[in-house]
Amino acid sequence: MTPETSHVRVAPPRGLTMTAAAGAGLLALAACTAPATRQPPPAVPTAAATAPTPPMPPAPSPAAAARPAAAAAPPATDGGAPAQPQPEGLGTPFSTRYARFEPVPFSALPGWSADSARESLSAFRQSCLALGKKPVWDELCAAAGRIAATDDGGIRAFFEQRFHAYSMQNPDQSDEGVITGYYEPLLEGSRTRSSRYPYPVHGVPADLLFLDAQVAAAGKRQWLRLDDRRLTPAAPGSPGARQYDVDMGGLTPGIRDKRYRVRVEGSRIVPYWSRQDIERRALDAQVLAWVNDAYALYSLQIQGSGKIRLASGETLRVAYGEQNGHPFLPQASSADTATVGAAIKTRGLALGGGSAAATSSALQPVASPRAAPAIQRDPDVARIIAALQGRGNGTPARPAAPSPAAAMPVATPSAAASPASRPAAPDPDVAAIIAALGGKAPARPAANPAPATPADASPAAPAAMGGAGQATGIPDPSYVFFRLIPDGPQGPLGALGVPLTAGRSIAVDPRTTPLGYPVFVSTGDPSPAAGTVNRLMFAQDTGGAIRGTVRADYFWGFGPTAGDRAARMKETGRMWLLLPRDLQTAAMTAAVRTRSLGGPAVLAECVVPDPDNCVEQ
């Protein structure tokens, strides 16, 4: 997710008018992966969410859109302690390993008084479904429940009186980053496999296990015991204990739970299967449905949730279940950074190697792995996809296409299409993208989520057990598994385990933005009548490539209109974190020590340590 500001125009799924920017956006879709790192969500009562795609607020006047002068705040020391006393009513500045937080008055938030407070209260109450039993939050949520939903002044006063506002800053003290968008897509599918529906939507495999990073680091040969899905240390010869060789093969653990996704292979603990391995074998996993389009399925994995309309007319709703633990690895070359960087105008690619995008800090905002709406079958798009799959000349071809009699809902240009049906010459930017796809420089690793076991009863039986699907040829090793959830007017479940609210929920890096917390966002409006978006939102989701302090993915809702807006959105933005006034954490008071006995003092990794959402290590 690169930080430059641009508007990427992507046409509705039927009948694409191809532009270089749209081609780049579709390349991003084909090249991105690893959705949000998910932990087991709490039980969530059924609750109606706001309309799927809310209207954007009107563009403010130039004066309102101008950056306000924030109240001066002393810089935080490396240990998080303030350099000097703060003005009365402001919080205390502090730093974490990846971010700086400077207190500001609410008057410094652009458009704070003009935002719809009643919409923010509804989304806040969704966060309370997960946070309401935690210290400090129990009283806050109870107080929010007593506010009249139509009392804009009272709602705004609630936040002003009970929270401190902090300007979120990158480690270099800059306060701008990138805001992208995502949505809930609709796929076409069936409960049974056929030539028309050859691609499986897998549930979580029975052999997908978890290994704590600290355990993996304890030695190459260890005694371990399987406790549910988790491998834990055990005394030699104790009941259920076995001795294993541990080899993680250079992979990294999940950023939220600090666990690897693994499997047992004889006496070895090894990383779970890659996408390519999964597509070659029948998994010990339920197949929730079979779908007709490999790229639409890939988009579903990138978005993290969606709906599947069956041939019978029934609709299944699926939510993120787990991930295979492999990193997000699009193929992008850094040989021509200027050309490729200018061509890639949307989410999905983080250039590797020596590119400018890769040489900044570890928390540099990178391209979101979330995708645009279902791939449009334009000749240039087909050429990009072909190049992504390793066919250097850009010859378009679909992955092991079903029989011709099984018509796809979107026309696909044939590899043998007549010259008259193709453009005389591709757009130079499209050609640059294709030329860049041969590089081998990896992107940043994706998040490795944690198990998700919903409290809701499964609304429908799975289609089948196991079953190898048709290979897609998609090179990304990351793979996402799903679970069935009840359909309804509420939004899909995010990483926090509560329904997302269109226009009020964002996906964030949980190390710098605690899940469930209020975040005021100021960014550009991706609609044709470009303006600004200034609104209070809530960190209720995560994303595999959402990395950085001033970094968020804006949830637009369900369906093609939401998908179009999500595809257009890649804007420069600023963010302010709202922290409860009574909250005290190690990050806010002093440097913390590593878990190892006598370790050196270091800055905290998490703003708010949490066993489910951000494990301190």
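Observations on the structure shown:
- Hey, Q301 out of contact with any His (no Cβ under 9 Å at 6 or more places or on another chain), surrounded by fewer than 22 Cβ atoms within 10 Å (Cβ to Cβ) and touching a residue at least 24 places away in the same chain (Cβ under 8 Å) or not: no
- Residue count for segment 549-560, restricted to those that are within 17 Å of V521 (Cβ to Cβ), more than 12 Å from the chain's Cα centre (by Cα) and of a type in the set (G, A, S): 1
- Reported count of residues in segment 544-570, each being open to solvent by less than 10 Å² (accessible area, probe 1.4 Å), out of contact with any Leu (no Cβ under 9 Å at 6 or more places or on another chain) and not small (G, A, S), is 7.
- Of all the numbered requirements in (1) touching a strand residue (DSSP E or B) at 6+ places or on another chain (Cβ under 8 Å); (2) closer than 30 Å to L208 by Cβ; (3) of a type outside the set (K, R); (4) at pLDDT 90 or above, M569 misses one, and that requirement is (2).
- Condition broken by I179, with the remaining ones in (1) part of a loop (DSSP other than H, G, I, E, B); (2) over 30 Å from G469 (Cα atoms) satisfied: (1)
- Scanning segment 111-124 for residues that are open to solvent by 10 Å² or more (accessible area, probe 1.4 Å) and not acidic (D, E) gives G111, W112, S113, A114, S116, R118, S122.
- Hits in segment 194-249 - residues which are without any contact (Cβ under 8 Å) to a residue 60 or more places away in the chain, polar (S, T, N, Q) and part of a loop (DSSP other than H, G, I, E, B): S238
Rundown of residues vs (1) on the phi > 0 side of the Ramachandran plot; (2) open to solvent by 80 Å² or more (accessible area, probe 1.4 Å); (3) not charged (D, E, K, R), yes/no style:
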position: A206; (1), (2), (3): no, no, yes
position: F210; (1), (2), (3): no, no, yes
position: Q214; (1), (2), (3): no, yes, yes
position: R230; (1), (2), (3): no, yes, no
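- For segment 125-152, residues that are among the small types (G, A, S), touching a residue at least 24 places away in the same chain (Cβ under 8 Å) and open to solvent by 50 Å² or more (accessible area, probe 1.4 Å) total 1.
- When R256 is tested against (1) among the charged types (D, E, K, R); (2) in contact with a Phe, Trp or Tyr (Cβ under 6 Å, 6 or more places away or on another chain); (3) open to solvent by less than 20 Å² (accessible area, probe 1.4 Å), only condition (2) is not met.
- Taken together, the residues in segment 259-281 that are surrounded by fewer than 16 Cβ atoms within 10 Å (Cβ to Cβ) and aliphatic (A, V, I, L, M) amount to 1.
- Per-region count, segment 571-588, residues open to solvent by 20 Å² or more (accessible area, probe 1.4 Å), outside any strand (DSSP E or B) and in contact with an Asp or Glu (Cβ under 9 Å, 6 or more places away or on another chain): 2
The values are calculated or read from the model by the stated rules, or taken from the named source; none is laboratory data. As the structure is a computational prediction, the values presented were derived from the model and not from experiment. No Cβ is skipped: glycine too gets one built from the backbone with ideal geometry, and neighbour counts run over all protein chains shown. Side chains included, ligands, DNA and RNA excluded: accessible areas come from the protein's heavy atoms. Shrake-Rupley method; radii C 1.70, N 1.55, O 1.52, S 1.80 Å.
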